[in-house]
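Rule-based calculations on the coordinates, nothing more; no lab input. These figures come from a predicted structure and were not determined experimentally. Every residue, glycine as well, gets a Cβ built from its backbone with ideal geometry; the counts of neighbours run over all protein chains shown.
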Amino acid sequence: MDQDIPYLLLTPGPLTTSRGVRDAMRRDLSTWDVDYNRMVQAVRAALVRLACSSAGYTSVLMQGSGTFAVESTVGSVIPPDGKLLVISNGAYGRRILQIAQRLKIDCVELSFSEVEPVDVSRLDHTLANDTAITHVALVHCETTTGMLNPAVAVGDVVARHKRLYIVDAMSSFGGIPLTMEELQAQFVIASANKCIQGVPGFGFVIAQRDTLESTQGWARSLSLDLYDQWREMEAHQGKWRYTSPTHALCAFSRAIEELDEEGGIDARFNRYSENQSLLSAGMSDIGFRPLLPADLQSPIITAFHFPTDPRFEFGGFYDLMKARRYVLYPGKVTDLNTFRIGTIGHVFPQDIRELLEAVAEVVAELELEW
């Protein structure tokens with residue numbers, strides 16, 4: 001473990017970052033500075049390169065957390081007479097629905113349980129029977145549980161019904177190989193502080209250019225107007241409409257360089273997958289039971305059931321792990337007692353092995369029974 005890092009963040013973001021990413025923020029830039037705007041343009045181009053294998057796509061950056069980028073997209077790209085279908089099997093799908101409802105967008109939910117994979121036959125039936133639906137939204141990696149939803153299969157159904165497709169790839173973009181073309185998506189949304197391994201401060205949207213251009217005037221917010229933000233960046237070579245997170249952008253630029261140095265998304269996916277396999281096997285050996293079966297599990301974050309021992313209390317477990325430099329994540333499943341451990345960020349297999357040693361120590365200290 002990098003001794004410069006006081007804690008290893010085993011969360012779905014913010015993440016443990018590299019020293020290079022942190023050092024990149026030790027630079028003050030004006031939002032009007034030509035060097036800064038060139039960096040913005042380079043980042044935008046790199047995102048398109050990472051997401052697309054053909055022409056016709058663009059990207060736009062949006063201040064705020066990932067949810068800001070999701071709200072910007074949902075609030076900007078659905079026309080006044082449009083209707084959104086939200087596929088949900090976790091808290092983040094339900095958040096998209098909440099955003100649409102708050103913005104008074106006509107919407108409907110196709111709901112599954114938090115441990116249930118999306119059934120594309122139900123989607124097919126819904127789209128066939130509700131021709132008013134214009135857009136479909138899906139969370140690719142539902143970090144409520146760590147489930148990896150079938151984004152490509154969903155995209156096939158959406159495309160066949162000639163609807164538009166919004167993919168929340170917040171916790172998967174940059175860590176799981178997938179292209180806009182494979183998804184058949186018009187909009188893919190993610191955040192700087194996830195698998196690219198930058199720091200919080202902005203989200204981004206990769207979009208089919210023609211589709212984005214057609215959304216002018218639809219935004220239900222001034223500051224979160226996706227089209228206007230994109231138009232400003234296009235017309236003024238990387239300028240944001242309002243004050244941008246300059247330090248976070250510098251960190252993200254360096255993080256993209258480090259992704260390339262690692263070998264790209266395929267290499268990062270392999271590291272994350274090895275991390276998760278080691279974690280799942282090691283926690284099972286200790287006695288913790290994963291929430292999801294392996295075929296539904298993403299390499300991003302893994303949920304574990306609480307031990308059956310009634311003395312187990314997550315807060316105490318968390319504190320003992322934090323004292324050993326490991327920061328875990330509480331559970332978010334509605335009806336089950338779980339906690340979560342992330343395997344993304346500047347985290348490597350040796351870190352997971354050392355984490356498992358610490359978990360075993362804490363279990364012994366608490367004298368937990370299984």
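What's the long-distance tail for the stretch 32-88, i.e. % of Cα pairs beyond 17 Å? Looking at the stretch 32-88, the distances longer than 17 Å represent 58 percent of pairs.
Remark: the stretch 296-370 is approximated by an ellipsoid whose semi-axes, taken from the C-alpha gyration tensor as √(5λ), come to 19, 17, 10 Å, largest first.
Centre-to-centre separation between the Cα atoms of the stretch 107-148 and those of the stretch 335-370: 32 Å. Each part reduced to its alpha carbon centroid, the stretch 259-314 and the stretch 1-78 end up 25 Å apart.
Output needed for the stretch 231-286: three equivalent-ellipsoid semi-axes, defined as square roots of 5 times the C-alpha gyration tensor eigenvalues, in descending order, whole Å.
Equivalent ellipsoid of the stretch 231-286: 37, 14, 10 Å, largest first.
What is the fewest-to-most order of 343, 131 by other Cβ atoms lying within 10 Å of their Cβ?
131, 343
Take every Cα pair under 8 Å whose residues are at least 6 apart in sequence, average their separation, divide by the length of the stretch 19-260, and the relative contact order is 31 percent. Residues whose amide H comes within less than 5 Å of that of residue 164, counting only those at least five positions distant or on another chain, are 135, 136 (H built at 1.01 Å from N in the peptide plane). The Cα atoms of the chain define a convex hull whose projected area, averaged across directions, is 17.8 nm².
Normalised by the number of residues in the stretch 311-370, the mean separation of alpha-carbon contacts (under 8 Å, six or more apart) gives a relative contact order of 32 percent. Taking every DSSP bridge with both residues inside the chain, close to 55 percent are antiparallel. The ellipsoid equivalent to the alpha-carbon distribution of the stretch 170-304 has semi-axes of 34, 17, 14 angstrom, derived from the gyration tensor eigenvalues as √(5λ) and listed largest first. For the chain, hydrophobic long helices are taken as DSSP H runs at least 15 Å long by C-alpha position along their axis with mean Kyte-Doolittle hydropathy of 0.5 or more; these are 66-77.
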